[in-house]
1. Determine if the range A:299-317 includes at least one residue that is surrounded by fewer than 19 Cβ atoms within 10 Å (Cβ to Cβ), within 21 Å of the chain's Cα centre (by Cα), farther than 29 Å from residue A:180 by Cα and modelled with pLDDT of 95 or more.
2. Given the conditions (1) within 26 Å of residue B:114 (Cα to Cα); (2) surrounded by 16 or more Cβ atoms within 10 Å (Cβ to Cβ); (3) modelled with pLDDT of 95 or more, which single one is not true for residue A:279?
3. Would you check which residues across the range A:475-500 are within 19 Å of residue A:218 (Cβ to Cβ) and part of a loop (DSSP other than H, G, I, E, B) and list them?
4. Looking at B:110, B:50 in this structure, which one is buried (at least 16 other Cβ atoms within 10 Å of the Cβ), within 10 Å of another protein chain (Cβ to nearest Cβ), under 30 Å from residue A:38 (Cα atoms) and free of Cβ contacts under 8 Å to residues at least 24 places away in the same chain?
5. Restricting attention to the range A:159-186, which residues are more than 8 Å from chain B (Cβ to nearest Cβ), touching a strand residue (DSSP E or B) at 6+ places or on another chain (Cβ under 9 Å) and more than 19 Å from residue A:225 (Cβ to Cβ)?
6. Considering only residues that are in contact (Cβ under 8 Å) with a residue 40 or more places away in the chain and out of contact with any strand residue (DSSP E or B) (no Cβ under 9 Å at 6 or more places or on another chain), look in the range A:386-407 and name the one that is nearest to residue A:458 (Cα to Cα).
7. Can you tell which of B:38, B:11 is part of a loop (DSSP other than H, G, I, E, B), away from every other protein chain (no Cβ under 12 Å) and out of contact with any helix residue (DSSP H, G or I) (no Cβ under 9 Å at 6 or more places or on another chain)?
8. Using the structure shown, decide if residue A:316 is touching a helix residue (DSSP H, G or I) at 6+ places or on another chain (Cβ under 8 Å), in a helix (DSSP H, G or I), touching a residue at least 60 places away in the same chain (Cβ under 8 Å) and within 27 Å of residue A:4 (Cα to Cα).
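The values are calculated or read from the model by the stated rules, or taken from the named source; none is laboratory data. Predicted model only: the values in this text are computed from it and were never measured. Virtual Cβ from ideal backbone geometry, glycine too; neighbours counted across all protein chains shown.
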């Protein structure tokens, strides 16, 4: 099995995770013995990733910066088989959720995670959540620096942080190291963007107060350029300001975005900078040795340049149309010539977005061992990524993915839908999301049509908490409940591409569940008639405005 | 309400009781000569007093007794200790036993705070320089 090319736990990390499992085992025991009330137990189980859903407990497992070794992926498959129903759900936060966990089994499932240096710490609760990153990190051709080095530094600092474990609300950090943001850093509580200044140094743009949910906001830059060794001091300053002044009187107004909105970005900057000035030269300053030791572990695999034009690939492209389309949509350029980044689509036509069975997880692990340096990524678009594939291996990788049902050539297309679990699982939801996604994906299954329609992101949330990111979908679909009927509100024009981050605008009255496909069809037809040259759906919308779409949809519905 | 103190001999007068919305950085001379500061957790999910505690200990150099009152439960102890609390009011059964164990519940800490514990990062640096030497 190949070596991993990302952070490996040492004895300290392992000790902490296993001590945490022991602590939680004792907390579960006390809960089952009646020594803890559910009110007292709830925050304890949440900070260990255990939610109570509609039908059962759900365990949310952290996949830091979305990076997995094949050994870890196989263990996730084994845990899903042993403690769940043999499948799991990859989420928009690069986590894995198991939906049918029993409380008594949870500590053992966590112990199995610890065996492969994984945990479910801080995947829920009002604290710093699992840190997310660009899923192409370390392989992307446009990358300035691997953001996962910094994610790992933040992961350690945020783990069991004594001051910030009872924040006003949850806190999500995302980091990108590319100008083409694939981590949606402007819609996180804190987004960090690595960039290189005129002096040739790299540092962070610090963006605060973005988020979706019921009050979607685009984050504000409070620091243009932060020296990298001051990252933890700056984060600690930001979190301290939030912990002291964030609202706690109203659940819906307690995210940092509301604080930034109410006091204004200027005051936020002033407060954070004052706090930062008081502690920047403390023990939080990262030494070059510390940074170097972690960076070394993210050293990319030693890939040799290979042929970029491979006769077998060219031949298959001509004879197999689906393969040719797959190359276009699911294969991205790699920084090493002759290599590529392959996205395995967890969105085959008609399937629940992001689901994978244990057998499928093991299948992906086999493929990654054979052709992707033993590494797999989880994307925030709920797909799995094989980051280091030689171009000459693409036909074999394609066939192997096809056998798993993960070779749909639809990445970035209309059926590559993001959807939250919705009313099928979630206690907060107003409406179902997955069946809506399934209907759209069945309707638009035909691949050449999808490719003709081009890049079009549909994002579906089952309630205004917006776990399906509907605000930033080119087409956003939000489930609402009107007197017991599930209706769907459609918005257009959202985007998360860097520099273009935008929130969608509601198109008109919500439509009934069985009219959603018709409505999407009408939107697509309007676009296809109006588009110019290579315009994407969202660009056409921006050019011609909502009116033509509105007329078509509400005429047709 | 039972009281648990790590330093039973410590002087408790004069004392200062604060709300968790008070700005500790604006206390000025109200801190002079104070031997006990009482911080409050209205709900155990309201974590503002953790920041107050760290600012008092690490920014203002307060060295007297620092007491947690209100909704104080044993599962908070590892966090409370790391933020500088050394005295606790709690009704919870098993609190004394938990307090005895709380410091060793986690053998590893990642964050430098004022509690003097050596972080994993610092231990790694030492190991590396020992190997280099």
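1. No: zero hits.
2. (3)
3. A:493, A:494, A:496, A:497, A:498, A:499, A:500
4. Working: B:50 fails: free of Cβ contacts under 8 Å to residues at least 24 places away in the same chain.
The unique qualifying residue is B:110.
5. First, pick out the residues of the range A:159-186 that are more than 8 Å from chain B (Cβ to nearest Cβ): A:168-186.
In the following step, the residues that additionally are touching a strand residue (DSSP E or B) at 6+ places or on another chain (Cβ under 9 Å) were identified as A:170-186.
Residues satisfying the conditions are A:170, A:171, A:172, A:180, A:182, A:184.
6. First, the residues of the range A:386-407 that are in contact (Cβ under 8 Å) with a residue 40 or more places away in the chain: A:386-392, A:394-395, A:397-398, A:401, A:403-407.
Within this subset, residues satisfying the condition of being out of contact with any strand residue (DSSP E or B) (no Cβ under 9 Å at 6 or more places or on another chain) are A:392, A:395, A:403, A:405.
Numbers: A:392: 33, A:395: 29, A:403: 26, A:405: 21 Å.
Of everything passing the filter in the range A:386-407, A:405 is nearest to residue A:458 (Cα to Cα).
7. Working: B:38 fails: part of a loop (DSSP other than H, G, I, E, B).
Criteria check complete, one pass: B:11.
8. Numbers: touching a helix residue (DSSP H, G or I) at 6+ places or on another chain (Cβ under 8 Å): yes; in a helix (DSSP H, G or I): yes; touching a residue at least 60 places away in the same chain (Cβ under 8 Å): yes; within 27 Å of residue A:4 (Cα to Cα): no.
In short, no.
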